[in-house]
Amino acid sequence: MDENLRREIIMEHYQNPRNKKECQDNTYEKVNTNNESCIDNIDLYIKVEDNVIKDICFNGEACAISTSSCSIMITNLIGKTIEEAKEYIQNFENMINEAPYEEDLLKEALAYNEVYKQNNRKNCALLPYKGIKKALKQQKK
């Protein structure tokens with residue numbers, strides 16, 4: 001992906017994050033995910049019905065990488081089944097960790113395909129994914 005396009009995607013999702021709002025609806029599962037080494041602290045709210053992710057929103061304070069990664073993740077997960085979401089998450093984690101992945105599944109998340117070059121930023125990009133994995137595990141209960 002072109003460097004300018006990568007920067008444009010990340011900044012767009014940082015400055016105008018999708019689904020960033022307070023969620024007071026008790027039909028959503030809430031999880032918190034944070035990075036102990038910086039300010040990143042995100043509350044994720046997920047609504048799953050009939051094994052399909054109906055909605056996800058988030059709130060909190062985080063750096064440009066975490067915020068934009070969360071926004072893109074949400075955009076890509078809404079409407080997916082739990083299994084499709086797990087496949088997407090695994091592919092994103094593989095990309096960040098320099099393992100084989102399917103580019104077609106990741107869409108705008110490909111903007112993070114060189115995050116591995118800055119090891120300290122890997123945690124930022126993965127933070128919302130850690131939270132959503134926690135939320136999906138809670139859905140099974």
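The values are calculated or read from the model by the stated rules, or taken from the named source; none is laboratory data. Computed from a predicted model, the values in this text were never measured in an experiment. Glycine also receives a Cβ, built like all others from the backbone with ideal geometry; neighbour counts cover every protein chain displayed. All accessible areas refer to the heavy atoms of the entire protein, side chains included, with ligands and DNA or RNA removed. Shrake-Rupley method; radii C 1.70, N 1.55, O 1.52, S 1.80 Å.
Quick look at the numbers
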read-out: Counted charge near E8, where neighbours are those whose Cβ lies closer than 14 Å (Asp, Glu -1; Lys, Arg +1); value: -2
read-out: In degrees, nearest ten, helix 64-77 long axis to first principal axis of the chain (Cα); value: 60
read-out: Within the accessible area of the range 46-111 (1.4 Å probe), percent carbon and sulfur; value: 43
read-out: Per-bin percent of Cα-Cα distances, the range 44-83 [10 Å]; value: 31, 49, 19, 1
read-out: Within the range 88-141, chymotrypsin sites (Phe, Trp or Tyr not before Pro) in DSSP loop having at most 14 other beta-carbon neighbours inside 10 Å; value: none
read-out: Cα shape, the chain, gyration tensor, a/c 1.5 rule; value: prolate
read-out: Angle in degrees between helix 82-96 and the longest Cα principal axis of the chain, rounded to the nearest 10; value: 20
read-out: Accessible surface ranking that places the most exposed of M11, M73 first, with a 1.4 angstrom probe; value: M11, M73
read-out: Probe 1.4 Å, accessible area per residue of the range 9-141, Å²; value: 52
